[in-house]
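So the structure is just underneath, and the comments pick up after that.
The values are calculated or read from the model by the stated rules, or taken from the named source; none is laboratory data. All of these numbers come straight from a predicted model, not from anything done at the bench. Note that each Cβ is placed from the backbone with ideal geometry, even for glycine, and that neighbours are counted across all protein chains shown.
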Amino acid sequence: MKPTPSPHPDPPRVAGRSKTQSQESKTLGQKLWDSHVVRTAPGEPDLLYVDLHLVHEVTSPQAFEGLRLAGRHVRRPDLTLATMDHNVPTRGGARAADELSRKQMDVLAENCRREGIPLHQIGSRRQGIVHVIGPELGLTQPGMLIVCGDSHTSTHGAFGALAFGIGTSEVELVLATQCLPQTRARDLAVTVEGELPLGVTAKDVVLGLIGRTGISFGQGHLVEYRGSTMRGLSMEGRMTVCNMSIEWGAKAGMVSPDDTTFAYLERRPHAPRGGAWDAAIDYWRSLATDADAVFDHEIQLDATKLEPHVTWGTNPGQVAPVTGRVPEPLTDTDVRALRYMDLRPGTALADIAIDRVFIGSCTNARLEDLRAASKVIAGKHVHPKVRAMVVPGSATVKRAAEDEGLDAIFKAAGFEWRNAGCSMCLGMNPDILAPGERCASTSNRNFEGRQGAGGRTHLMSPPMAAAAAVTGHLVDVRELL
Amino acid sequence: MEAVKRVTGRMLPLDRADVDTDQIIPKQFLKRIERTGFGPFLFYDWRQAEDFVLNRPEHDGASVMVTGANFGCGSSREHAPWAIRDAGFRAIVAPTFADIFKANCYKTGLLAVTLPESQVRHLIDLASEDPAAEVTVDLVTQEVRGDWFAYRFEIDAFVRECLLGGLDEIGLVERHQSSISAFEGRRAAFLPAVK
């Protein structure tokens with residue numbers, strides 16, 4: 001019934017913006033925004049056009065029901081793609097799901113059938129986590145506006161797309177109209193410079209950043225990640241960074257498209273071909289932030305000083321280099337976090353023993369992540385007190401990993417090798433922690449109970465999680481390299 | 001969507017910052033396919049502690065939640081405001097809200113209003129000391145009022161208009177069919193379609 005509000009009704013602009021910036025100079029975020037405005041009117045939010053709407057089983061049933069009750073239909077089923085990911089069991093197929101989960105999957109299948117929306121359902125060749133399959137199918141492209149009823153939609157920003165999560169009422173609105181009213185967000189530049197040290201990954205870039213900014217600094221901002229470090233990251237690494245934009249509150253996270261982006265996209269199933277490819281490249285190159293464009297805020301991060309990070313608390317901002325110690329609590333939130341995590345201030349992070357290891361999620365379950373983890377464990381074995389699992393981000397990732405023998409490495413080391421899904425990132429399926437269990441996890445949230453009621457989550461990179469699996473405790477992966 | 005003009009009632013002081021949507025409605029309760037029935041599961045895990053504020057009888061029937069900064073961070077689940085509303089709340093006052101959560105509140109007709117930290121602190125202390133104290137969150141005058149105070153809040157003018165009028169957003173957007181169709185005619189030919 002209403003437009004998405006700005007969290008800051010009257011966004012302060014930096015002084016002099018209009019003076020120092022010529023009329024044509026724009027940031028990547030402003031270009032993406034402006035190119036999707038269907039309608040603008042004073043005192044109203046901009047009406048934006050959605051190029052791709054991704055749908056999954058958990059946040060869509062009420063939206064489809066709303067459509068049905070109002071006698072509406074999906075305006076653009078050809079711009080809408082559905083997958084099953086949150087609820088799906090990662091072994092045993094749909095039969096292994098609980099009754100309510102099966103019902104949600106059945107309802108999604110029925111809704112897609114009725115509205116003509118393509119669906120990658122459980123067991124199909126292209127099923128997977130919604131934010132993994134969009135890019136690997138080549139559906140996620142620079143310059144697009146992409147939404148999904150999932151906060152980690154920011155992942156797609158790695159391609160130079162404007163991508164953000166929406167609620168179920170907005171899902172219904174986009175299904176019906178392919179549009180979304182939005183109040184313009186501010187621009188924030190995060191410039192990361194320098195070469196990443198050995199053992200330090202894209203995950204450590206974003207965890208290190210959140211450790212510095214806190215978990216709400218990004219509110220109301222379109223974030224552009226820039227600088228030599230970001231340029232040097234693969235698409236997988238850029239997706240990891242953009243994925244966790246929401247963990248510091250950002251509206252969206254983006255990286256300007258470049259040759260790395262184009263090389264990733266070329267020949268993907270839905271990428272443009274022939275003359276259309278050339279036209280697309282010309283357009284994509286024009287999206288980069290103009291040299292004299294001005295951001296509302298800027299943050300710098302020196303990548304050369306980063307170390308592998310692990311979280312110690314119950315939000316992603318409660319994070320430290322693995323060489324550090326559990327800190328003295330500074331706030332009530334810290335005190336509660338330490339109590340929940342059963343940790344004492346001063347304990348060396350590397351002394352914390354773990355019970356479980358989870359390598360998976362839309363943050364870190366792409367082929368490159370599995371390769372990086374497999375290098376750490378090759379020829380080693382999972383610690384006898386640890387149960388470890390790998391959950392590829394998609395059926396496609398799983399096949400590719402098997403083609404190069406990664407599954408054999410993981411299985412030989414004692415890991416469980418599962419089918420694609422969100423799995424233990426959010427524990428809406430059979431993969432959950434038992435109360436009190438402590439997990440080294442490559443996912444994105446360490447909230448209380450996130451991976452199972454009473455479970456304790458430490459977030460880290462895939463190599464760090466692999467190292468923890470082998471040693472049975474949090475450990476600096478650089479000791480194993 | 002029913003119109004919302006003002007909410008008057010007692011407060012629930014939830015004195016915590018960075019409350020995430022996983023706490024508001026844990027994931028095991030996201031499997032319903034309806035928009036209702038989530039209220040009993042609001043803060044399910046925290047309610048296992050007997051002294052959790054939502055369990056205290058003196059706060060039974062409160063309709064205004066007053067809480068810390070960055071409320072509703074994390075997941076985009078609209079189930080969070082559905083659960084809060086289903087449990088009888090009609091307004092939430094906090095220093096800041098996470099973006100998606102705040103948007104979802106307005107879709108649900110839940111008044112999410114921001115006040116400076118010091119004023120929220122006063123409300124939390126007031127509710128803790130005098131659970132019977134009532135406040136009015138007034139969207140018409142844009143203020144949170146008590147017996148002897150009135151705090152002005154800012155809210156996006158268009159959001160306010162939609163809430164006051166109980167407007168159907170899909171209907172509003174559908175009025176712009178011709179603009180939408182014209183935009184579709186201008187879209188680049190290289191943009192992908194899923195089929």
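In the stretch A:165-284, counting only strands (runs of 3 or more DSSP E) that sit wholly within it, the ones holding 2 or more residues that are farther than 30 Å from A:I117 by Cα, more than 9 Å from chain B (Cβ to nearest Cβ) and aliphatic (A, V, I, L, M) span A:186-193. Check B:V113, B:V140 and return the single one that is of a type in the set (A, V, I, L, M, F, W, C), buried (at least 20 other Cβ atoms within 10 Å of the Cβ) and under 30 Å from B:A17 (Cβ atoms). Residue meeting the stated conditions: B:V113. Test A:D51 against the criterion of being more than 9 Å from chain B (Cβ to nearest Cβ) and either under 28 Å from the mean Cα position of the chain (by Cα) or not small (G, A, S) (or both), and give yes or no. Criteria not met by A:D51. From the list B:F29, B:F41, the one residue that fits, being surrounded by fewer than 22 Cβ atoms within 10 Å (Cβ to Cβ), closer than 27 Å to A:P316 by Cβ, more than 8 Å from chain A (Cβ to nearest Cβ) and touching a His at 6+ places or on another chain (Cβ under 8 Å), is B:F29. Any residue that is over 24 Å from A:T333 (Cβ atoms) and of a type in the set (S, T, Y) - is there at least one of those in the stretch B:27-40? Yes, the stretch B:27-40 contains at least one residue that is over 24 Å from A:T333 (Cβ atoms) and of a type in the set (S, T, Y). Condition first: under 35 Å from the mean Cα position of the chain (by Cα), farther than 13 Å from A:A176 by Cβ and at the interface with another protein chain (Cβ under 7 Å from one of its Cβ atoms). Now tell me which residues in the stretch B:179-193 satisfy that. Across the stretch B:179-193, the qualifying residues are B:S179, B:F183.
If I ask for residues that are part of a helix (DSSP H, G or I) and touching a residue at least 12 places away in the same chain (Cβ under 8 Å), which ones from the stretch A:324-334 would you list? A:T333, A:D334, listed by residue number. Looking only at the stretch B:183-192, decide whether some residue is in contact (Cβ under 8 Å) with a residue 24 or more places away in the chain and either over 21 Å from B:L14 (Cα atoms) or not β-branched (V, I, T) (or both). No: zero hits. Checked against (1) crowded, with 23+ Cβ neighbours inside 10 Å; (2) touching a residue at least 40 places away in the same chain (Cβ under 8 Å), B:D99 passes all but condition (2).
Yes/no matrix, rows are residues, columns are (1) surrounded by 24 or more Cβ atoms within 10 Å (Cβ to Cβ); (2) small (G, A, S); (3) in contact with a strand residue (DSSP E or B) (Cβ under 6 Å, 6 or more places away or on another chain); (4) in contact (Cβ under 8 Å) with a residue 24 or more places away in the chain:
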{"site": "A:Q182", "(1), (2), (3), (4)": "yes, no, yes, yes"}
{"site": "A:V192", "(1), (2), (3), (4)": "yes, no, yes, yes"}
{"site": "A:V206", "(1), (2), (3), (4)": "yes, no, no, yes"}
{"site": "A:E224", "(1), (2), (3), (4)": "yes, no, yes, yes"}
{"site": "A:R238", "(1), (2), (3), (4)": "yes, no, no, yes"}
{"site": "A:N243", "(1), (2), (3), (4)": "yes, no, no, yes"}
{"site": "A:P257", "(1), (2), (3), (4)": "yes, no, no, yes"}
{"site": "A:A279", "(1), (2), (3), (4)": "no, yes, no, no"}
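Here is a check on your reading of the model: is A:G138 assigned to a loop (DSSP other than H, G, I, E, B) and either under 30 Å from B:L172 (Cα atoms) or free of Cβ contacts under 8 Å to residues at least 40 places away in the same chain (or both)? Taking the combined requirement at face value, the residue does not satisfy it.
Would you mention how many residues in the stretch B:152-164 are farther than 22 Å from A:V171 by Cα and without any contact (Cβ under 8 Å) to a residue 24 or more places away in the chain? Counting residues in the stretch B:152-164 that are farther than 22 Å from A:V171 by Cα and without any contact (Cβ under 8 Å) to a residue 24 or more places away in the chain gives 2. Pairing residues of the stretch B:165-178 that are more than 18 Å from A:L67 (Cβ to Cβ) and more than 7 Å from every other protein chain (Cβ to nearest Cβ) with residues that are exposed (fewer than 15 other Cβ atoms within 10 Å of the Cβ) and not β-branched (V, I, T), at Cβ distances under 8 Å and at least 6 apart in sequence or on separate chains, gives B:G165/B:A3. On the stretch given as the stretch A:142-164, residues that are more than 12 Å from every other protein chain (Cβ to nearest Cβ), assigned to a loop (DSSP other than H, G, I, E, B) and out of contact with any Ser or Thr (no Cβ under 7 Å at 6 or more places or on another chain) total 0.
All conditions but one from (1) acidic (D, E); (2) more than 14 Å from chain B (Cβ to nearest Cβ); (3) over 30 Å from A:W277 (Cβ atoms) apply to A:D98; the one that does not is (2). Residues that are of a type in the set (A, V, I, L, M, F, W, C), over 22 Å from A:G43 (Cα atoms) and without any contact (Cβ under 8 Å) to a residue 24 or more places away in the chain: does the stretch B:138-151 have at least one? Taking every residue of the stretch B:138-151 in turn, at least one turns out to be of a type in the set (A, V, I, L, M, F, W, C), over 22 Å from A:G43 (Cα atoms) and without any contact (Cβ under 8 Å) to a residue 24 or more places away in the chain.
Starting from residues that are closer than 25 Å to A:E368 by Cα and out of contact with any helix residue (DSSP H, G or I) (no Cβ under 9 Å at 6 or more places or on another chain), keep the ones in the stretch A:259-277 and report whichever is surrounded by the most Cβ atoms within 10 Å (Cβ to Cβ). Filtering the stretch A:259-277 for residues that are closer than 25 Å to A:E368 by Cα and out of contact with any helix residue (DSSP H, G or I) (no Cβ under 9 Å at 6 or more places or on another chain), the one surrounded by the most Cβ atoms within 10 Å (Cβ to Cβ) comes out as A:H270.
Condition check ((1) at pLDDT 95 or above; (2) within 27 Å of A:C425 (Cα to Cα); (3) within 13 Å of chain B (Cβ to nearest Cβ)) across all residues:
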{"position": "A:V14", "(1), (2), (3)": "no, no, no"}
{"position": "A:R17", "(1), (2), (3)": "no, no, no"}
{"position": "A:E24", "(1), (2), (3)": "no, no, no"}
{"position": "A:S35", "(1), (2), (3)": "yes, no, yes"}
{"position": "A:P77", "(1), (2), (3)": "yes, no, yes"}
{"position": "A:G92", "(1), (2), (3)": "no, yes, no"}
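The strands (runs of 3 or more DSSP E) falling completely within the stretch B:1-102 that include 1 or more residues that are at pLDDT 95 or above and among the charged types (D, E, K, R) map to B:6-14.
For the stretch A:288-302, the set of residues classified as surrounded by fewer than 21 Cβ atoms within 10 Å (Cβ to Cβ) and either among the aromatic types (F, W, Y) or not in a strand (DSSP E or B) (or both) consists of A:A288, A:D290, A:A291, A:D292, A:V294, A:D296, listed by residue number. Residues in the stretch A:399-417 that are out of contact with any Phe, Trp or Tyr (no Cβ under 8 Å at 6 or more places or on another chain) and crowded, with 21+ Cβ neighbours inside 10 Å: how many? Of the residues in the stretch A:399-417, 5 are out of contact with any Phe, Trp or Tyr (no Cβ under 8 Å at 6 or more places or on another chain) and crowded, with 21+ Cβ neighbours inside 10 Å.
Applying a threshold of 7 Å to beta carbon distances and a minimum spacing of six or more residues, or different chains, the list of pairs starting in the stretch A:78-100 at a residue that is in contact (Cβ under 8 Å) with a residue 12 or more places away in the chain and crowded, with 22+ Cβ neighbours inside 10 Å and ending at one that is among the basic types (K, R) and assigned to a loop (DSSP other than H, G, I, E, B) reads A:T90/A:R418. Among the residues of the stretch B:129-164, just one is more than 14 Å from chain A (Cβ to nearest Cβ) and in a helix (DSSP H, G or I), namely B:E129. Screening A:E170, A:E110, A:E136, A:E193 for residues that are among the acidic types (D, E) and under 30 Å from A:T314 (Cβ atoms) leaves exactly one candidate, A:E170.
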